[in-house]
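Note sheet for the following structure.
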Amino acid sequence: MAKEKVSEEKLKEMCHSCGIETVWQRYDAQDPHCGFGLLGLCCKNCNLGPCRIDPFEEGAQVGTCGADRDTIAARNLARHTAAGSACHSDHGREIARTLMLYGSGKASSYKIKSEEKLKKVASEYGIKIEGKKNEEIAAELGRAMLEDFGKQEEPPVFIKRAPAKQQKIWEKHNIVPKGIDRPIVETMSRTNMGVDNDYKNLMLGIMKTALADGWAGSMIATEASDILFGSPQALRAKVNLGVLKEDEVNILIHGHVPLLSDVVVTVSQSEEMLKLARENGAKGITVAGICCTANEILVRRGVPVAGNFLQQELAITTGAVEGMIVDLQCIMPGLVKVASCFHTKLFSTHPKAKFPGMEHIEFEEEKALEIARELVKRSIENFPNRDKARVNIPEESMDLIAGFTAENIFYYLGGKYRATYRPLNDAIISGRIRGVVGVVGCDNPKMQSGKSHIQMVKELIKHDVLVVQTGCSALACAKEGLLVPESAKKYAGRGLQEICETVGIPPVLHVGSCVDNTRILIACANMVKEGGIGEGIDELPIAGAAPEWMSEKAIAIGWYFVASGALVVFGSDMPVTGSANVMKYLTKDVEGIVGGKWAFEKDPVKGAHIIIKHIDKKRKALKLSAMMYDREKVKV
Ligand code: MSK
């Protein structure tokens, strides 16, 4: 008899009553959080300290060296941005390196899955493609991309993808990044004790660093991944813990870089592994993803997603996971303790990301197939150790459509023979679509554990805003059923609904993983190029939001959108509120420099209305007509 399924909430309660500690309990145990940290007023950049500024202005107002609250808050923010940019860009470096290795005949587990993109990007890099084999082009392109990281005097190649207006603004303020690594190193250097103490100058350095991430490091990750693993196409898949199967071996892939997980998926579908699974008493093998590795494999192969960031531990507590294979980024060290209560085997695979208590099987591009086979085999052999009485797979799972890109959206909106952004721009001009907003980023126990994304997105689409999503935010909304075409009728305003129904797309478009926020940058540049809605990204009726941001990578992403001219709304403050000057710079002054700015709003519905107001202001400046169905209301 089939066992009764539990809900996710029930699963959380069960963990709690059995004394299994997850992120929510650990978060509570941190209460109260360090006030100086929250305000950004502590400095431990040198051994004169650690120093802290008294927010009530009764105690010390400067650090031992004399640095004031503005300098300290700005320096801390700069270091967060550098760390976030470094993380994304290192991801890009790894994929570019694999592309080069593949082209040089050293990574035979891979192939070129998008020849079209290989040739297009190679041409952008000035590589001659005529008469050359794909392998040769891949080797040259991989090498050229790697050179972008180390450039000293030249901007990375993709910077020229930005609209001319943005490039001019960046040149004027001297924030065009030279190379990708250099601005990150420069930020670490200028935030050292006694170097850059002018918060405004530090902010310019931050923007330069973030631009290197968005318009180069992350963009390389996206483009090189498309070349190696295929350019995504819209596909239907499933999301949430209910994708795990009671009678199959369940393997979770978690992290960000898809170099190993893509091969794991291939291996898990081989007859050799399926036979081994049957021999071990399972009916088959389910590979499902967590976090952005999930998104990478979802958008290209339709592999189901078990969950977003906050579900990584819960997935193990289902008692039905034989192996979790992690690469890097967003992997909680707390997994080890949770897994120790179950039979789940955890495998770390990346030389840069080891976890005490996890078995480490190191990934090498040259031996990807062999290593993936070992990991899948070890997981299958763990199936007999599963305690069936402790299996509690929540029943929730939901359909979603994923796999939209800055390129294929041409076809979905314009049709195969009219592949342009014209229909999108026209829909904005005519007032059917109010604007386009990227709602992205993590989920956070500090906020509503994923619910803020849903509330914000519902409010936006209700007001005819087309939403594009990446990362865990996309997964949170997918679980709610917002990423299927049917949701347009249920939740979207009439204008957006008409567009979605005409072309058969959801009102919320999943465009990939965290590094794929660059697809949104490219889409913005394409909208500008198409014409009629402004000369630069700063003029477009667009915005970005991260309602539950958590990672330093989110700070870097937010900054590259702001520096590119967008309004970015975060659902909780960045740790700089102890400096009124820095806060004013972020929420006001920066707009006069690059055209974009920050806003902070805890309430996701209010956050949505900050965005709607901003979009309406941009529409007005562009002299666009009022929203189509608002006009009808006026007539009535
Ligand atoms: S995985 S960075 S929790 S979106 Fe990209 Fe999710 Fe945030 Fe990690």
_Unit charges on C-beta of K, R, D, E only; dipole of the chain, Debye_ = 1400
_Per-residue counts of other Cβ atoms within 10 Å, averaged by peptide: what ranking do you get for 574-584, 471-481, highest first?_
471-481, 574-584
*With a Cα-only, solvent-free Debye model of the chain, what are the log10 I(q)/I(0) values at q = 0.06, 0.07, 0.09 Å⁻¹?*
-0.31, -0.43, -0.72
*Within the set Lys479/Lys606; Lys208/Lys352; Lys10/Lys606; Lys178/Lys617; Lys275/Lys388, which residue pairs have Cα atoms separated by over 28 Å?*
Lys10/Lys606; Lys178/Lys617
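What is the magnitude of the charge dipole of the range 8-52 about its Cα centre, with +1 placed on the Cβ of each Lys and Arg, -1 on the Cβ of each Asp and Glu, and no other charges, expressed in debye to the nearest 20?
So the magnitude is around 340 debye.
So for the range 241-390: antiparallel DSSP bridges make up what percent, rounded to the nearest 5? Provide the component values of the computation, followed by the final result.
Working: 1 of 20 bridges.
Of those bridges, close to 5 percent are antiparallel.
Nearest 20 debye, what's the magnitude of the dipole of the range 210-348 about its Cα centre given +1 on Lys and Arg Cβ and -1 on Asp and Glu Cβ? Let's see the in-between values first.
Working: 10 positive and 14 negative charges, 60 e Å.
My answer is approximately 300 debye.
Hey, can you rank 403-411, 41-49 by average C-beta count inside 10 Å, highest first? Write out the running numbers ahead of the final one.
Details: 403-411: 21.1, 41-49: 17.3.
Those peptides, ordered most packed to least, come out 403-411, 41-49.
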_Whole-percent pair-distance distribution, where bins are 5 Å wide, for the alpha carbons of the range 1-46_ = 5, 16, 15, 15, 11, 9, 10, 8, 5, 3, 2, 1, 0
*asked:* Positive end of the dipole of the range 216-299, charges at C-beta (+1 Lys, Arg; -1 Asp, Glu), about the Cα centre: which of Gly230, Thr266, Ile251 has its Cα farthest in that direction?
replied: Ile251
_Relative pair counts by distance (%), Cα atoms of the range 241-390, 5 Å bins_ = 2, 11, 22, 25, 23, 13, 3, 0, 0
*List, in order, the whole-Hz ³J(HN,Hα) value for each residue of the range 529-534 obtained from phi through the Karplus relation with A = 6.51, B = -1.76, C = 1.60 and θ = phi - 60°; use x for Gly and Pro.*
4, 5, x, x, 10, x
*Give me the number: length gained by fully extending Lys377 to Ser270, i.e. 0.36 nm times residue separation minus the C-alpha to C-alpha distance, one decimal in nm.*
37.4 nm
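Considering only Cα-Cα distances, which of the following residue pairs are longer than 24 Å: Lys106/Lys133; Lys489/Lys623; Lys245/Lys489?
Lys489/Lys623; Lys245/Lys489
Working from the alpha-carbon coordinates of the range 69-229, get Rg over Rh, Rh being the Kirkwood radius. Don't skip to the answer; put the middle values down first.
Working: Rg = 17.2 Å, Rh = 16.4 Å.
On the Cα set of the range 69-229, Rg over Rh gives 1.05.
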*Under the definition of Cα pairs under 8 Å and six or more residues apart, what whole-number percent is the relative contact order of the chain?*
16
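Roughly what % antiparallel, to the nearest 5, for the DSSP beta bridges in the chain?
20
Packing-wise, with mean Cβ within 10 Å as the measure, how do 7-19, 494-506, 83-95 rank, highest first? Please list the in-between numbers first.
Numbers: 7-19: 13.9, 494-506: 18.5, 83-95: 25.5.
Output ranking for 7-19, 494-506, 83-95: 83-95, 494-506, 7-19.
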*Pull out a ≥ b ≥ c, the square roots of the eigenvalues of the alpha-carbon gyration tensor of the range 1-111, then state rounded if a/c is under 1.5, prolate if not and a/b is larger than b/c, and oblate in the remaining case.*
oblate
_Viscosity 1.306 mPa s, temperature 10 °C: what is the translational diffusion coefficient of the range 404-621 from Stokes-Einstein with a Kirkwood Rh over Cα pairs, rounded to a whole number of µm²/s?_
94
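Readers should treat all values here as calculations from the given coordinates under stated rules, not as data from a laboratory. Keep in mind that what you see is a predicted model, and the values were worked out from it rather than measured. Positions of Cβ are generated from backbone atoms using ideal geometry, with glycine treated the same way; all protein chains shown enter the neighbour counts.
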